[in-house]
Amino acid sequence: MTSTPKSTGATGVVCPYCGWPDDGEPFRLVSRHTTAAGSTVWTRCGCGSLQVRVADDRGSRVVTRSRPPTPHAPPSRAGRAVWAGRVTGRGTR
């Protein structure tokens, strides 16, 4: 995860991957945990970046975030063996 936010005008900070404001909706709530100072909230940005937000007496802010997930690769031929140029169903000849 990275903690280098990109600042902008009135909204303060935006996601460095998609440009969506951190204080904007929509984001998806993943989990919420009470702490002595307030709460820690794990959310997912619209682009898929996982964010850790701290909510306390100073408000709510993103303190760290991950990169968005990479697109899935095409399905592999897992579980199939290639023998002498032929694909077999169970790894046998």
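No lab work stands behind these numbers, since they all come straight from the coordinates. Worth saying up front: this structure is predicted, and the values here are computed from it rather than measured. Cβ placement follows ideal geometry from the backbone for every residue including glycine, while neighbour counts extend to all protein chains displayed.
With labels modelled as points extended 7 Å from the Cα through the Cβ direction, what inter-label distance (nm, one decimal) is found for R32 paired with T70?
My value for the distance between the label points is 3.5 nm.
Each residue of segment 45-60 in turn: what ³J(HN,Hα) in whole Hz from Karplus with 6.51, -1.76, 1.60 and θ = phi - 60°, glycine and Pro shown as x?
5, x, 7, x, 5, 7, 10, 10, 10, 10, 10, 8, 5, 8, x, 10
Of the listed peptides 44-52, 16-24, 32-40, what is their order by residue-averaged count of other C-beta atoms within 10 Å, with the highest listed first?
Numbers: 44-52: 17.8, 16-24: 14.7, 32-40: 10.9.
Descending mean neighbour count gives 44-52, 16-24, 32-40.
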